[in-house]
Number of protein chains: 2
Amino acid sequence: MEITDIDGVFCNGIKEGKYGLGLVKVKGSIAGVFTQNKIRAAPVIVCEENIREGVVEGIIVNSGNANAYTGEQGLKDAKEMCRIAAGLLGCDERRVAVASTGVIGRKLNMDWIRKKAPEVYSSLGNSPENAHRFGEAIVTTDKFVKKAHSEKGRIAAVAKGAGMIAPNMATMLCFAFTSAKFDSGELYEMLKKAVDSTFNRLTVDGDTSTNDTVLLVSTGKERVEKDIFEQELHSVFYSIAKQIARDGEGATKVFEVRVEGGMSDDDANLIARAVASSLLVKTAIFGCDPNWGRIIAAAGYSGADVDERITLSFSDGKEEIFLVDAGRPLETEEQARKLMQNSDDLIIKIKLEKGSGKGFAIGCDLTYDYVKLNAEYTT
Amino acid sequence: MEITDIDGVFCNGIKEGKYGLGLVKVKGSIAGVFTQNKIRAAPVIVCEENIREGVVEGIIVNSGNANAYTGEQGLKDAKEMCRIAAGLLGCDERRVAVASTGVIGRKLNMDWIRKKAPEVYSSLGNSPENAHRFGEAIVTTDKFVKKAHSEKGRIAAVAKGAGMIAPNMATMLCFAFTSAKFDSGELYEMLKKAVDSTFNRLTVDGDTSTNDTVLLVSTGKERVEKDIFEQELHSVFYSIAKQIARDGEGATKVFEVRVEGGMSDDDANLIARAVASSLLVKTAIFGCDPNWGRIIAAAGYSGADVDERITLSFSDGKEEIFLVDAGRPLETEEQARKLMQNSDDLIIKIKLEKGSGKGFAIGCDLTYDYVKLNAEYTT
C-alpha cells in the first residue's frame with residue numbers, strides 16, 4: 001500500500017543528482033509537528049503558518065538544500081515554493097505545506113525549482129510509480145525510502161531520515177496520509193501522541209534538526225474508529241522509526257532499549273535514552289561485545305534515580321540472555337555475544353527496583369561508515 | 001618537573017599486560033572530587049570516606065579493572081587495597097586514598113595485587129624513573145601519560161584519561177601534588193573551582209564514568225600565595241584536560257568552543273557543550289569540513305536561548321577565519337578548510353547577541369579509530 005492508494009492522493013517527484021523536488025495534490029484536513037530546534041528552517045516557519053487553519057490542498061518538498069539559516073531570503077523562497085505549487089494545483093498558496101532537507105546555510109536554487117515544478121506537476125498521478133518517484137525525490141543520504149501503512153487504519157506514510165545516531169540532527173521528514181475522517185484538531189492530538197512514542201524515542205528531546213517535519217493529512221473519505229486509528233498510526237510510525245534507525249548512517253544493527261521498574265516513566269525514559277545514545281554502547285553493539293558495564297554506567301549518568309539492583313538482558317525477540325540479575329553479573333557474555341552476532345535487531349531490557357516507571361528508546365550501532373559519511377558530507 | 005619533584009612525594013608502579021599497580025607515599029592534607037555517576041565504583045566510595053578528615057599518608061591505584069558494579073565484594077577489595085598499602089607504608093588504612101580504572105563489573109584479582117604491592121613498595125622512590133613507572137601503571141587505553149606542572153605554584157600532576165569523545169565515560173584519574181601549604185578545606189575549594197573550569201568542560205555534567213577521581217595533596221613545605229596557586233592549578237588542569245582531549249580515543253584534532261554574548265554563562269556553556277559533543281561537528285572536524293551549519297544547529301538544540309544573529313569563526317590561535325557574520329554566511333569555506341587542514345588545535349568562536357554570558361568547552365574529533373577501539377575493547 002502506497003500513499004497513492006489513499007483515495008484522493010496524487011503525487012510525483014524528480015531527482016537530479018543531489019537535488020530533488022516532490023509535489024502532492026491532496027485536499028483535506030492537516031496537522032503537523034515540527035522541530036524543537038531554536039534555529040528553525042524557513043520552510044518550517046512557513047509550513048506551520050500555512051497549516052494553522054487545518055486545511056491543505058498541496059505539499060511541496062525539496063531535497064539537497066535545507067533552506068535553513070537563510071534569513072529573509074529563505075522565507076521568501078519557502079513562500080515562493082508554496083506559490084509555485086499553488087499556481088500548478090490551482091489553490092491558495094496558504095493551503096500549501098512545504099518542507100526542505102539538505103545542507104544548511106545555502107540559498108535555494110529557485111531557478112531549478114521554478115523550472116522543475118511544472119515538469120513534476122505534468123506527470124502527477126496516483127500510480128505506484130508516482131509514489132515511488134515522490135519517495136526518491138525527498139531522500140538525501142538515505143539508503144532507502146521509508147514506507148509503512150495500515151490497511152485497518154487506512155493510513156500510508158512515506159519518510160526520509162537517517163543518521164540519527166547521536167541522535168543528533170539528521171532531518172526527518174514524514175508525510176502520512178489517511179482516508180479516515182478526522183478534523184485537524186483530532187489529527188493533531190493523535191499525531192502528537194504517536195510522534196512522542198515513536199520518532200521522539202529516536203530524536204532525544206531537543207536534539208532535532210532545523211527542518212524536522214511530520215505531517216498527517218486526512219482526505220476524509222472513510223470512517224475509522226478513533227482508538228483503532230490511534231493504534232494503527234502508532235504502528236505505522238513505529239515501523240518508520242525502526243526503518244530510520246536501520247538506515248542510521250552506516251548502521252549495521254538496530255536496537256531497542258526497554259526499561260522497567262523506574263521511579264517514574266520520565267526516569268525510565270531518561271535511562272533508555274542515555275543507553276541508546278551512548279557512543280560506547282553503540283560501538284560495543286557494532287562489535288558484538290556484550291559489554292553490559294557500559295549500559296549500567298550510562299544508566300548511572302542518565303540523571304535518573306538508579307542503584308545497583310539492576311537486571312539486564314539481551315534479546316533477539318525470541319531468545320533472551322540475562323547478563324545481570326538484580327546486581328549480580330551472570331557471566332553469560334559468550335552466549336550474549338553469539339546472540340548479538342546472529343541478530344541485527346536487538347532488545348536491551350533493563351529492570352530496576354525503584355518503582356513502576358517504563359521507558360523506551362530506539363538506537364543503532366556506531367560504525368566506521370558513520371564517520372566516513374559524516375566526515376565527507378559537504379565536500 | 002615530575003610529581004616526585006614535589007618535596008615529600010615518593011612513588012612507584014608496575015605494569016603487566018593490561019594490569020597495573022601504583023603506590024604513592026606522601027604525608028599531607030588532601031582533597032578530592034569524584035564522579036557524579038549514580039553508580040559509583042567501590043574505590044570511589046572507600047576513597048571519599050578515607051579522605052574525609054583531610055589527611056593522607058598514601059595512595060594506591062590499579063588499572064585494568066575498575067572494581068565498579070562489584071557489590072559488597074568490591075567494597076571489601078577496595079578496603080583491602082588500602083590495608084595492603086597501609087601495611088607497607090606503616091600508617092592507618094583510613095589514611096590511604098584508593099582509585100581504580102578499567103573494565104566494569106569484574107572482580108579484582110586481589111591475588112595479583114597482594115603479590116605485586118610489596119614489589120612496587122620495595123622500589124618506592126622520588127626519582128624521575130619512579131614518577132614514570134607510576135604514570136605507566138595507571139593508564140589503560142591511553143596513548144600517553146598526561147603530565148603538567150607549575151614551578152610558580154609548586155604543583156605537579158599526573159593523570160590518565162582518554163576516549164572522552166562523547167564526552168561519555170572514559171575514566172579520568174588525576175593525582176596532583178603540591179608543596180604549597182594549604183589545609184584540606186582550602187584545597188577542596190580550589191580543587192572544585194579548577195575542576196569545574198577544566199575537566200568538567202570535557203566531561204559534560206553527569207556524563208562521568210563510575211570511577212572518575214581527582215585528588216590534590218599538599219605536603220605543606222612551602223608558602224605560595226593563594227591567588228597565584230589558584231591560577232597555576234587552573235593552568236595545570238587546563239593542560240591536562242587538553243592532553244586528555246588530544247588522546248581522545250582515535251582523535252586526530254582537539255578543539256575548543258568559546259561562546260560569548262549568551263543570555264547567561266549557563267546558556268553559553270550549554271551551547272559550548274552541545275557543539276563540542278555533536279557527533280556531526282566532531283566528524284566534520286575530522287574531515288576538515290568547515291560545515292558551520294552543524295555548529296549553528298547544535299547551538300539551536302542546546303536548550304539555550306539562541307537566534308540567528310550568530311557570528312562564527314574558526315581559528316588556529318594565530319589566524320581567524322570568520323564564516324558567519326551576525327547571521328550572514330560569508331562564503332569563506334575554502335580558507336577555513338585550509339586552516340583546519342593545517343592545524344590540529346582549533347578554536348571555534350561563537351558570538352551571540354543575547355547578553356554577556358560566556359561559555360567554554362573542549363572536544364576532539366570523531367574518527368575511524370574511535371569506532372575501532374571501542375568496538376573491540378573487551379574482546
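State whether region A:1-72 is rounded, prolate or oblate according to the following rule on the C-alpha gyration tensor (a ≥ b ≥ c being the square roots of its eigenvalues): a/c under 1.5 gives rounded; otherwise a/b larger than b/c gives prolate, and the remaining case gives oblate. Verdict is oblate for region A:1-72.
Among A:Ile244, A:Ile138, A:Ile350, the residue with the largest mean-square fluctuation in a Gaussian network model of chain A, with springs joining Cα atoms closer than 10 Å, is A:Ile350. On the basis of the beta-carbon distance and an R0 of 25 Å, A:Ser123 and A:Arg52 show a calculated FRET efficiency of 0.20. Here the translational diffusion coefficient of region A:64-213 follows from Stokes-Einstein with Rh set to the Kirkwood radius across Cα pairs; for 4 °C and 1.567 mPa s it amounts to 77 µm²/s.
The alpha-carbon atoms of region B:277-379 define a convex hull whose volume equals 113 cubic angstrom per residue. Cross-link reach is defined here as a Cα-Cα straight distance under 16 Å, omitting same-chain residues fewer than 8 places apart; for A:Lys76 the lysines meeting it are A:Lys107. Remark on the protein assembly as shown: Rg and Dmax equal 28.0, 92 Å (Cα only).
If Lys and Arg each add +1 and Asp and Glu each add -1, what is the summed charge of the other residues whose beta carbon sits under 9 Å from the beta carbon of B:Cys288?
+2
Largest GNM mean-square fluctuation across B:Cys11, B:Cys288, B:Cys174, computed for chain B with C-alpha springs under 10 Å, falls on B:Cys288.
Taking region A:6-103, which GluC sites (Glu not before Pro) meet the DSSP loop condition and have no more than 16 other C-beta atoms within 10 Å?
Those satisfying the criteria are A:Glu53.
Taken along the Cα-to-beta-carbon direction at a fixed 7 Å, the label points for B:Asn342 and A:Ile228 span 6.9 nm. Couplings for region A:300-310, taken from phi via the Karplus curve 6.51 cos²θ - 1.76 cosθ + 1.60 with θ = phi - 60°, read x, 9, 5, x, 7, 6, 9, 10, 6, 6, 10 Hz in order; Gly and Pro are left as x. In percent, rounded to a whole number, the relative contact order of chain A is 18, using alpha-carbon pairs under 8 Å and six or more apart. Decide, for region B:41-152, between rounded, prolate and oblate: order the square roots of the alpha carbon gyration tensor eigenvalues as a ≥ b ≥ c, take rounded if a/c falls under 1.5, and otherwise choose prolate if a/b is larger than b/c, else oblate. Note, shape of region B:41-152 comes out rounded.
Summary for A:Leu330: label point 7 Å along Cα→Cβ; distances to the equivalent points in the other copies, ascending, 5.9 nm. Relative contact order, whole percent, for region B:1-99 stands at 29, derived from Cα pairs under 8 Å and 6 or more residues apart. Take A:Asp7, push a point 7 Å out from Cα through the beta-carbon direction, and compare it with the same point in every other copy: 9.4 nm, smallest first.
DSSP loop trypsin sites (Lys or Arg not before Pro) in region B:172-242 with at most 12 other Cβ atoms within 10 Å of their Cβ, which ones? Kindly include the intermediate steps, with their values, before the conclusion.
Working: sites: B:Lys181, B:Lys192, B:Lys193, B:Arg201, B:Lys221, B:Arg223, B:Lys226, B:Lys242; in loops: B:Lys181, B:Arg223.
Those that pass, being in a loop and sparsely packed, are B:Arg223.
Here the Karplus curve 6.51 cos²θ - 1.76 cosθ + 1.60, taken at θ = phi - 60°, turns the phi angles of region A:112-124 into couplings of 5, 5, 4, 6, 7, 4, x, 5, 4, 4, 4, 10, 4 Hz, with x standing for Gly and Pro. For trypsin sites (Lys or Arg not before Pro), the sites in region B:25-94 that DSSP calls loop and that have at most 12 other Cβ atoms within 10 Å are B:Arg52.
Label-point spacing at A:Met110 relative to the other copies reads 7.6 nm, in ascending order, each point sitting 7 Å out from Cα along Cα→Cβ. Using only alpha-carbon positions in region B:236-327, the gyration tensor eigenvalues give semi-axes of 22, 16, 13 Å once each is multiplied by 5 and square-rooted (largest first). Can you tell me the FRET efficiency between B:Lys318 and B:Lys358 if r is taken as the Cβ-Cβ distance and R0 is 22 Å, rounded to the nearest 0.05? Rounded to the nearest 0.05, the efficiency is 0.50.
Computed about its Cα centre, the charge dipole of the protein assembly as shown is approximately 540 debye, with only Lys, Arg, Asp and Glu carrying charge at their Cβ.
Between the helical axis of A:184-196 and the longest alpha-carbon principal axis of chain A there is an angle of about 30 degrees. Here is the size of chain A from its Cα atoms: Rg then Dmax, 21.4, 67 Å. Taking the Cα centre of chain A as origin and assigning +1 to Lys and Arg Cβ atoms and -1 to Asp and Glu Cβ atoms, the resulting dipole is close to 1000 debye.
How well do other chains shield peptide B:361-374, expressed as the mean number of their Cβ atoms within 10 Å of each residue Cβ?
4
Taking a ≥ b ≥ c as the square roots of the eigenvalues of the Cα gyration tensor, region A:124-264 is classed as oblate, since a/c reaches at least 1.5 and a/b does not exceed b/c. The HN-Hα couplings worked out from phi for region A:88-100 by the Karplus form 6.51 cos²θ - 1.76 cosθ + 1.60 (θ = phi - 60°) are 6, 8, x, 9, 5, 5, 7, 9, 10, 8, 9, 8, 9 Hz, whole numbers, x standing for Gly and Pro. Chain A residue nearest the rotation axis toward B, with distance: A:Tyr368, 3 (Cβ to axis, whole Å).
Among B:Phe10, B:Asn65, B:Phe34, whose Cα lies farthest out toward the positive end of the dipole of region B:1-65, if unit charges sit on the beta carbon of Lys, Arg (+1) and Asp, Glu (-1)? Projecting each Cα onto the dipole axis, the largest value belongs to B:Asn65. Among the residues of B:300-312, the average count of other protein chain beta-carbon atoms within 10 Å of the residue beta-carbon is 4.
With a threshold of 21 Å on the Cα-Cα distance, the over-threshold entries among A:Lys192/A:Lys226; B:Lys38/B:Lys253; B:Lys18/B:Lys146; A:Lys27/A:Lys79; A:Lys242/A:Lys282 are B:Lys38/B:Lys253. Chain B packed on chain A takes about 4600 Å² of accessible surface away from a 1.4 Å probe, both sides summed. Between B:Ile113, B:Gly261, B:Ser356, the Cα set farthest toward the positive side of the dipole of the protein assembly as shown (charges on each charged residue's Cβ, about the Cα centre) is that of B:Ile113. Within the same chain, aspartates and glutamates fewer than 8 places from A:Lys147 are excluded, and of the rest, those with a Cα less than 16 Å from its Cα are A:Glu2, A:Asp5, A:Glu129, A:Glu136, A:Glu232, A:Asp247. Bridge orientation summary for chain A: considering DSSP beta bridges with both residues in this region, about 70 percent are antiparallel.
The values are calculated or read from the model by the stated rules, or taken from the named source; none is laboratory data. Predicted model only: the values in this text are computed from it and were never measured. Every residue, glycine among them, receives a Cβ derived from its backbone with ideal geometry; neighbour counts consider all protein chains shown. All accessible areas refer to the heavy atoms of the entire protein, side chains included, with ligands and DNA or RNA removed. Shrake-Rupley method; radii C 1.70, N 1.55, O 1.52, S 1.80 Å.
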